[in-house]
Amino acid sequence: MPGPLSSALIPTMIRTRQPGLWINPDLGTPASERVDLVRQVDGAIDRLARADGLLRSLFKIPENDGSVLSSDLIDASDYATSVGEIGAWYVKADHALPVAGSVKARGGFHEVIAFAERLAVDAGLVGKGADLIALNSPVVRSLFSSYTVAVGSTGNLGLAIGMMASALGFRAVVHMSSDAKEWKKARLRERGVEVVEHPGDYAQAVALGRELASRSPSTHFVDDERSVDLFVGYAAAAKELQRDLYSAGIVVDASSPLFVYLPCGVGGAPGGITFGLKLVFGESVHCFFVEPVASPCMLVQLSSNSDEPTSVYDLGLDNRTELDGLAVGQASMLVAPLMKSRLSGIYTVADDEAFRLLGIAHDVMHLGLEPSAAAALAGPTRLLRSEAGQNYLSVRALGDKLSSSTHVMWTTGGAIVPEEERKRFLERARAGR
């Protein structure tokens with residue numbers, strides 16, 4: 001049974017599907033240092049650096065194109081002006097990440113590479129700490145061909161895992177709910193990835209995929225709800241943002257706070273990034289998740305004040321949303337406890353608002369986003385203009401620091417959306433204005 005929610009406001013906000021902002025009352029409470037995770041984040045940063053040549057070789061990316069797993073930090077001052085605000089607003093453009101076109105490449109590629117490295121090292125084919133270009137040799141690929149990499153996904157994680165696994169020579173299997181987007185299933189199959197469809201929602205597809213994988217000792221299941229390798233792969237992105245901000249001449253400290261807005265499905269990607277950002281910037285960074293009003297699984301879990309899993313279905317929500325990357329009924333119980341003391345808050349959006357923001361992103365900033373990624377763009381105004389946001393700024397004495405603050409909206413997917421689907425997105429965006 002779900003625990004009692006932490007305030008009378010939250011049940012109303014959730015049950016009535018009213019978009020709003022929830023401030024985490026446990027932010028800053030004592031938390032374990034998790035030295036184990038910090039060490040693994042450092043390991044992920046090192047592993048991804050050693051994999052740069054491998055990724056270039058596998059996906060034919062030229063040396064002068066920048067890191068394969070890095071995205072641009074885009075000036076969003078035109079967007080700020082369009083909504084009547086001023087300040088340093090930016091988009092962290094993971095929607096345009098090379099190859100997989102979403103934030104899921106960060107964790108997904110890392111997980112597959114980490115698994116591949118362990119196999120190759122255990123077989124004596126690659127040395128510990130070696131340049132991982134060695135994973136692309138014929139003898140190593142022959143080893144990989146006897147293994148399967150499987151994952152449960154709403155789409156983008158499946159694309160990242162499937163593309164990386166098949167590129168290295170693994171058999172790749174993605175378990176999806178039958179109502180997942182057809183174009184994502186088609187894209188996977190075009191890449192030689194086996195798609196297994198299941199009735200029910202995302203969580204049921206993950207559970208069935210996990211159970212099937214457990215029967216085969218040669219199958220590695222990428223568990224989006226529980227995987228540390230995924231989590232630390234996402235966390236590695238924090239150092240990249242730190243470099244981006246430094247290159248732009250942006251200072252982050254107590255007098256110049258950083259606000260970051262991250263779309264949240266099961267929680268792995270935004271949770272990992274938040275964990276990494278808190279390691280880098282400490283109390284000077286303020287992270288907010290965004291979820292659909294029909295699927296606010298992390299909001300439900302954190303506000304339940306319970307250590308037991310609490311689902312959106314427990315509160316009468318149906319988990320039906322066009323923001324398919326965020327359509328998750330139960331938050332990761334690896335991530336939720338880590339966010340209890342680190343996450344500033346969660347804001348929710350209705351589908352129509354996300355589509356409207358997608359249209360603004362296209363028209364004002366010329367960005368091609370998925371609706372779930374566009375939801376991040378609601379963050380600054382939700383913080384700056386809501387009563388809950390104003391209270392947050394006041395309690396933390398941030399109001400007089402806004403002129404020197406920086407807002408980063410993390411766009412998580414969109415580059416590989418088919419043109420016909422993109423047109424449909426824009427038609428709905430414009431119809432709602």
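Between Arg39 and Met333, the simple label model (points 7 Å from Cα in the Cβ direction) yields a spacing of 2.6 nm. Per-residue ellipticity at 222 nm for the chain, helices alone: DSSP H runs ≥ 4 residues times -39500 (n - 2.57), over residue total, nearest 500 deg cm²/dmol? Taken over the chain, the calculation gives -13000 deg cm²/dmol. What you get for region 303-417, charging only the Cβ of Lys and Arg (+1) and of Asp and Glu (-1), is a dipole of about 560 debye around the Cα centre. The amide H of Val260, built 1.01 Å from its N in the peptide plane, has His286, Cys287, Phe288, Val408 as neighbours under 5 Å, considering only residues 5 or more places off or on other chains. A cut-off of 5 Å between modelled amide H atoms, ignoring neighbours fewer than 5 places along the same chain, links Val196 with Val174, His175, Met176. Solvent-accessible surface of the chain, averaged per residue with a 1.4 angstrom probe and all protein chains in place: 38 square angstrom.
Normalise the Debye intensity by I(0) for region 139-295, one equal point scatterer per Cα, no solvent, then take log10 at q = 0.11, 0.13, 0.20 Å⁻¹ and round to two decimals. Calculated log10 I(q)/I(0) at the listed q: -0.53, -0.70, -1.18.
Extension gain, Val196 to Ser137: 0.36 nm times the residue separation minus the Cα-Cα distance gives 18.3 nm. A Förster radius of 30 Å combined with the Cβ-Cβ distance from Arg243 to Asp26 puts the calculated FRET efficiency at roughly 0.50.
In this Cβ point-charge picture (+1 for Lys and Arg, -1 for Asp and Glu), the chain has a dipole of about 340 debye about its Cα centre. In sequence order, region 292-309 has phi-based couplings of x, 4, 8, 9, x, 5, 6, 4, 4, 5, 5, 7, 6, 6, 10, 8, 8, x Hz under the Karplus curve 6.51 cos²θ - 1.76 cosθ + 1.60, θ = phi - 60°, and Gly or Pro positions carry x.
When the chain is described by a simple charge dipole with +1 on each Lys and Arg Cβ and -1 on each Asp and Glu Cβ, the residue from Asn391, Thr12, Ser216 located farthest towards its positive end is Ser216.
Among the listed pairs Lys278/Lys340; Lys185/Lys340; Lys60/Lys104; Lys181/Lys423; Lys104/Lys278; Lys104/Lys239, those whose Cα-Cα separation exceeds 23 Å are Lys185/Lys340. Shown here: percent of Cα pairs over 29 Å apart, derived from the displayed model; of the candidates (i) 42; (ii) 79; (iii) 57, it corresponds to (i). Dimensions of region 370-411 along the principal axes, based on C-alpha atoms and rounded to the nearest Å, stand at 35, 21, 12, largest first. With each label modelled as a point 7 angstrom along the Cα→C-beta vector, the Ala254-Glu420 pair spans 5.8 nm.
Counting Cα-Cα pairs of region 1-124 in 5 Å increments starting at 0 gives whole-percent bin shares of 2, 8, 11, 12, 11, 13, 15, 13, 9, 5, 2, 0, 0.
Here the Debye sum runs over all C-alpha atoms of region 104-149 as equal scatterers in vacuum, and log10 of I(q)/I(0) at q = 0.16, 0.17, 0.21 Å⁻¹ comes out as -0.40, -0.45, -0.68. Length available on full extension from Val364 to Asn64: 0.36 nm per residue minus the Cα-Cα distance, which gives 105.1 nm.
In this Cβ point-charge picture (+1 for Lys and Arg, -1 for Asp and Glu), region 1-142 has a dipole of about 520 debye about its Cα centre. Here r is the Cβ-Cβ distance between Thr12 and Asp46 and R0 is 45 Å; the resulting FRET efficiency, rounded to 0.05, is 0.45. Each part reduced to its alpha carbon centroid, region 324-377 and region 19-96 end up 15 Å apart. With all protein chains in place and a 1.4 Å probe, the accessible surface of the chain carries 51 percent carbon and sulfur. Rounded to the nearest 0.05, the FRET efficiency derived from the C-beta distance between Glu387 and Arg215 at R0 = 41 Å is 0.20. Put simply, the Cα atoms of region 307-378 extend 43, 28, 15 Å along their principal axes, the longest span coming first. A cut-off of 5 Å between modelled amide H atoms, ignoring neighbours fewer than 5 places along the same chain, links Ser102 with Leu97.
As a rough guide to protection, the peptides 122-129, 264-271, 85-92, 296-303 ranked by mean Cβ packing within 10 Å, highest first, stand as 264-271, 296-303, 85-92, 122-129. Each residue of region 413-418 is assigned a 3J(HN,Hα), and the resulting list reads x, x, 5, 9, 5, x Hz, derived from the Karplus form 6.51 cos²θ - 1.76 cosθ + 1.60 (θ = phi - 60°), x at Gly and Pro.
Rg and Dmax of region 333-433, both derived from C-alpha coordinates alone, stand at 15.9, 47 Å.
Applying the Karplus relation 6.51 cos²θ - 1.76 cosθ + 1.60 with θ = phi - 60° to region 181-192 yields 3J(HN,Hα) values of 4, 5, 5, 6, 4, 5, 4, 5, 5, 4, 8, x Hz, where x marks Gly and Pro.
The values are calculated or read from the model by the stated rules, or taken from the named source; none is laboratory data. Keep in mind that this is a model prediction, so the values were computed, not measured. Backbone-built Cβ (ideal geometry, glycine too); neighbour counts: all protein chains shown. Keep in mind that these areas ignore ligands, DNA and RNA; they rest on the heavy atoms of the full protein, side chains included. Shrake-Rupley method; radii C 1.70, N 1.55, O 1.52, S 1.80 Å.
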